[in-house]
1. Figure the gain on full extension for ASN208 and GLN193 (residue separation times 0.36 nm, minus the Cα-Cα span) and round it to one decimal in nm.
2. Which net charge results for the neighbourhood of PHE7, defined as the other residues with beta-carbon distances under 14 angstrom from its beta-carbon, given Lys and Arg at +1 and Asp and Glu at -1?
3. As an exercise, use a Förster radius of 51 Å and the Cβ-Cβ distance of SER32 and GLU323 to find the FRET efficiency, rounded to the nearest 0.05.
4. On a full-extension model of 0.36 nm per residue, what is the gain between ASP76 and GLU258, subtracting their alpha-carbon distance, rounded to one decimal in nm?
5. Between SER138, SER33, SER162, which gets the highest mean-square fluctuation from a Gaussian network model of the chain, Cα cutoff 10 Å?
6. Rounded to the nearest 5, what is the percent of antiparallel bridges among the DSSP beta bridges in region 2-188?
7. Give the order of PHE149, PHE234 when sorted by the count of other beta carbons within 10 angstrom, beginning with the fewest.
8. Take LYS248, project a point 7 Å from its Cα along the Cβ direction, then tell me which residues of region 51-88 have their backbone nitrogen under 13 Å from it.
Amino acid sequence: MVYAISFENYNKFLDSLIQKTDVFAPVKGKVSSFEKLKSAEEFNADVLTEYTAKNNFLKQGELILTHKEGEVVEPDLSKIKEKILLGLRMCDLASIKKHDIAMNNKYADPYYNERRKKVTLFGYHQKQCGDEYCFCQSVDLEVEYDLFFYKRADHYLVEVGSDKGKTIIKDNQDLFEESDYKMTKEDKEIDNQLKLDSHDIDDIYTNNRGWSALVKDCLACGQCNALCPTCFCFEFRDVPKQDGSVEKKRFLSECQLECFSRVAGDHIFRKAQIDRFKHRIYHQLQYFKDKFGKTLCTGCGRCIRHCPTKIDFVTKINEMKKEAKK
Ligand code: SF4
Ligand code: SF4
């Protein structure tokens with residue numbers, strides 16, 4: 001079922017949600033990110049945020065447990081608050097789906113799952129998405145959402161994706177109207193300038209000349225990991241407190257940093273940056289796909305757009321693939 005909501009009612013709808021629950025959405029700033037909205041006016045649908053929404057599920061510094069003199073106390077996850085994420089683009093939604101897979105692989109992650117369960121997802125369609133760095137149409141975009149909004153001249157069309165979404169519409173039925181519009185493939189299209197030739201990159205692993213050319217400008221700064229919506233690797237740190245207790249906390253970590261693969265005895269398994277760079281690209285485009293049938297990468301382009309030296313791995317991979325075919 002498709003619904004329609006006028007712009008005026010949409011603002012009323014958002015303002016009423018903000019009164020009842022925490023709503024996070026893209027807000028323009030020096031560094032754009034998903035911020036807690038104080039009013040509908042603050043929502044900026046036109047920005048593909050630099051920081052992604054992943055911190056709402058994989059919280060930096062998440063408290064895992066506290067231990068003191070042999071006693072272990074786990075945090076009360078039921079205290080995690082419900083929230084709405086608004087303005088999620090297809091690539092943002094797809095990245096959440098990838099985390100759902102990764103965080104429920106061999107063992108279900110209760111911290112992630114509790115946060116995920118309490119988040120309502122509102123998608124937002126942008127046909128002219130982002131800029132010359134987006135390539136989402138070349139990778140696997142599987143999404144789940146509660147409501148999905150499509151902007152029209154004077155209203156939004158709204159698709160319902162879950163029972164939760166249905167209930168939200170029902171609770172606000174004075175603002176939404178039923179529509180007999182049938183969404184088409186064209187309605188869902190996204191224009192990308194950049195295209196990844198193929199995401200099966202097994203055949204170019206040993207192209208040392210190609211990879212060296214790509215990595216020569218890499219500063220090993222880890223910005224690509226930090227801004228990537230799907231990078232989920234993490235580490236635990238024990239934080240001693242003044243009362244003698246120790247808090248075990250989880251932090252996202254970055255495979256582009258040398259310390260990422262350091263183990264006891266100070267062995268570092270990916271000492272050369274080329275190995276770390278290849279690892280990131282192969283995890284995003286190949287290893288996750290080999291394991292779960294879909295790329296980890298959602299083609300959002302953040303790791304190129306915000307790389308200080310603008311390393312465009314997509315174009316280079318296309319070239320290497322072309323070379324391999326000859
Ligand atoms: S952001 Fe760019 S320079 Fe920094 S580690 Fe990633 S690829 Fe290298
Ligand atoms: S690897 Fe780059 S393009 Fe792919 S999801 Fe991460 S930031 Fe986006």
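1. 2.7 nm
2. -2
3. Using R0 = 51 Å, I get an efficiency of 0.85.
4. 62.0 nm
5. Sorting by GNM fluctuation, first place goes to SER162.
6. Rounded to the nearest five, the antiparallel share is 65 percent.
7. PHE234, PHE149
8. Residues passing the 13 Å test: 63-68, 70-75.
Throughout, read-outs are computed from the coordinates displayed, never taken from laboratory work. The model shown is predicted, which means the values in this text are computed figures rather than measured ones. Glycine also receives a Cβ, built like all others from the backbone with ideal geometry; neighbour counts cover every protein chain displayed.
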